[in-house]
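Here the structure comes first, spelled out in structure tokens, and everything after it is commentary.
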Amino acid sequence: MLSIVLPKGSLQEQTLLLFTEADLPVQRSSREYTVTIDDERISQVKILRPQEIPKYVEDGYFDMGISGLDCITEADADVVEVADMPYAKTGVGVMKMVIAVPEDSLIKKAADIKAGSRVTTEFPNITKKYFADLGIPVDVFYSFGATEAKVPEIMDVVVDLTETGSTLRRNNLRIVDVILESTTKLIANQKSWEDPAKRKAMEEIRTLLLGVIDARGRVLLSMNVAKDRLDAVVGVLPAMKRPTVAPLYNSDYFEITTVVDKNTVNVIIPKLKEMGAEDILEQGISKIVR
């Protein structure tokens, strides 16, 4: 039913992992760009460069795709944003499109950049608009990769995507401004989104993908608590809404179950033990569907 296009390159590994964890594993073939997903809702899957995906989805070559907000904005693509999926090439995160200059430059912010400066970028449309809005005429050169390597010998300024800024720093570049923050987007063709059957299928796939993302970094905690310690334990226990509390059979104990952030478990468990919780069990979660 649905034709889907997934991103190649920096987002590919995390995207394929996401689909696998959503029980929609991508099966590779001898053809690098043609893959399959064994699901009756999905008839065709391609892997292409994320820069191409927004326009292909807009033009109806695919019903649905995944690309970054940066690529959608650069292409000025008229697509439906089905979901925001905050993951980047190393996992959960936000990519920033930044302006960087040589470390020893006197430039402190984008407005300080001189007219006529040479700017290298893989996002010429966004870059031209940004500097036009600032009223600074610059020469924008499209970069086919290794953008940061062209400064200062060939270019004066870099406009590039970064997750941590480490690559820029390694090349003695300093960030002076952020143009936009980009997250990964699940997008759809306008006509496909208006088709009731296709929209239902896309919404179901969105539910599975977001369920995985929502579960990342969370764990399920369950424990047994005596009745006289129940309020004390619940008082220190975070929950998505409220913890589930159920009486144990033929006992004055209760079972408490809740979902907590993984990065807080090492603090919470000792507190729970101190407050009287027993038999504490921590379990991973594959999906959370709200």
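Condition check ((1) in the same structural domain as residue 78 (by TED's automatic domain parsing); (2) over 18 Å from residue 190 (Cα atoms); (3) touching a residue at least 60 places away in the same chain (Cβ under 8 Å)) across all residues:
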position: 13; (1), (2), (3): yes, yes, yes
position: 26; (1), (2), (3): yes, yes, no
position: 31; (1), (2), (3): yes, yes, no
position: 35; (1), (2), (3): yes, yes, no
position: 47; (1), (2), (3): yes, yes, no
position: 54; (1), (2), (3): yes, no, yes
position: 60; (1), (2), (3): yes, no, yes
position: 64; (1), (2), (3): yes, no, yes
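Out of 78, 112, 133, which single residue is at pLDDT 95 or above, of a type in the set (Asp, Glu) and either under 21 Å from residue 47 (Cα atoms) or in contact with a Gly (Cβ under 6 Å, 6 or more places away or on another chain) (or both)?
Within the list 78, 112, 133, the selection yields 78.
Residues to consider are 184, 207; find the one that is closer than 21 Å to residue 88 by Cβ and polar (S, T, N, Q). Break it down into steps so the answer makes sense when it comes.
On the way: 207 fails: closer than 21 Å to residue 88 by Cβ.
Criteria check complete, one pass: 184.
Going by the conditions given, is residue 81 under 27 Å from residue 179 (Cα atoms) and surrounded by fewer than 18 Cβ atoms within 10 Å (Cβ to Cβ)?
Numbers: under 27 Å from residue 179 (Cα atoms): yes; surrounded by fewer than 18 Cβ atoms within 10 Å (Cβ to Cβ): yes.
So residue 81 passes the test.
Sort through 175, 154 and tell me the only one that's at pLDDT 90 or above and surrounded by fewer than 15 Cβ atoms within 10 Å (Cβ to Cβ).
So the residue among 175, 154 that is at pLDDT 90 or above and surrounded by fewer than 15 Cβ atoms within 10 Å (Cβ to Cβ) is 154.
Mind checking which residues of the stretch 15-53 are among the hydrophobic types (A, V, I, L, M, F, W, C) and not in a strand (DSSP E or B)?
16, 17, 18, 19, 22, 24, 53 - these are the residues of the stretch 15-53 that are among the hydrophobic types (A, V, I, L, M, F, W, C) and not in a strand (DSSP E or B).
Looking at the stretch 246-266 only, could you name the residues that are of a type in the set (Gly, Ala, Ser) and either surrounded by 13 or more Cβ atoms within 10 Å (Cβ to Cβ) or over 23 Å from residue 226 (Cβ atoms) (or both)?
If the condition is that a residue be of a type in the set (Gly, Ala, Ser) and either surrounded by 13 or more Cβ atoms within 10 Å (Cβ to Cβ) or over 23 Å from residue 226 (Cβ atoms) (or both), then no residue fits.
Please go through (1) modelled with pLDDT under 95; (2) surrounded by 15 or more Cβ atoms within 10 Å (Cβ to Cβ); (3) small (Gly, Ala, Ser) for residue 145 and return the number of the only condition it doesn't satisfy.
Of (1) modelled with pLDDT under 95; (2) surrounded by 15 or more Cβ atoms within 10 Å (Cβ to Cβ); (3) small (Gly, Ala, Ser), only one is false for residue 145: (2).
Within the stretch 187-205, does at least one residue satisfy the condition of being at pLDDT 95 or above, within 30 Å of residue 164 (Cα to Cα), among the aliphatic types (A, V, I, L, M) and not in a helix (DSSP H, G or I)?
The answer is yes; a qualifying residue exists.
Hey, does the stretch 277-286 have a residue that's without any contact (Cβ under 8 Å) to a residue 60 or more places away in the chain, in a strand (DSSP E or B) and at positive phi?
Yes, the stretch 277-286 contains at least one residue that is without any contact (Cβ under 8 Å) to a residue 60 or more places away in the chain, in a strand (DSSP E or B) and at positive phi.
May I ask you to list the residues in the stretch 255-271 that are assigned to a strand (DSSP E or B) and under 24 Å from the mean Cα position of the chain (by Cα)?
Once the filter is applied, which keeps residues that are assigned to a strand (DSSP E or B) and under 24 Å from the mean Cα position of the chain (by Cα), the stretch 255-271 yields 259, 260, 261.
Among the residues of the stretch 71-94, are any of a type in the set (D, E, K, R) and free of Cβ contacts under 8 Å to residues at least 24 places away in the same chain?
no
This table checks each residue for (1) outside any strand (DSSP E or B); (2) in contact with a Ser or Thr (Cβ under 9 Å, 6 or more places away or on another chain); (3) of a type in the set (Asp, Glu); (4) outside the structural domain of residue 51 (by TED's automatic domain parsing).
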{"site": "140", "(1), (2), (3), (4)": "no, yes, no, yes"}
{"site": "148", "(1), (2), (3), (4)": "yes, yes, yes, yes"}
{"site": "153", "(1), (2), (3), (4)": "yes, no, yes, yes"}
{"site": "159", "(1), (2), (3), (4)": "no, yes, no, yes"}
{"site": "178", "(1), (2), (3), (4)": "no, no, no, yes"}
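Mind checking which pairs have a first residue in the stretch 187-198 that is assigned by TED's automatic domain parsing to the domain that holds residue 66 and within 25 Å of residue 70 (Cα to Cα) and a second that is outside any helix (DSSP H, G or I) and polar (S, T, N, Q), Cβ under 8 Å, 6 or more apart or different chains?
Pairs found: 187/67.
Kindly list the number of the only condition in (1) in contact with a helix residue (DSSP H, G or I) (Cβ under 7 Å, 6 or more places away or on another chain); (2) in the same structural domain as residue 168 (by TED's automatic domain parsing) that fails for residue 87.
Unmet condition: (2).
The values are calculated or read from the model by the stated rules, or taken from the named source; none is laboratory data. Keep in mind the model is a prediction, meaning the values are calculated, not measured. Reconstructed Cβ throughout: ideal geometry from the backbone, glycine too, with neighbour counts over all protein chains shown.
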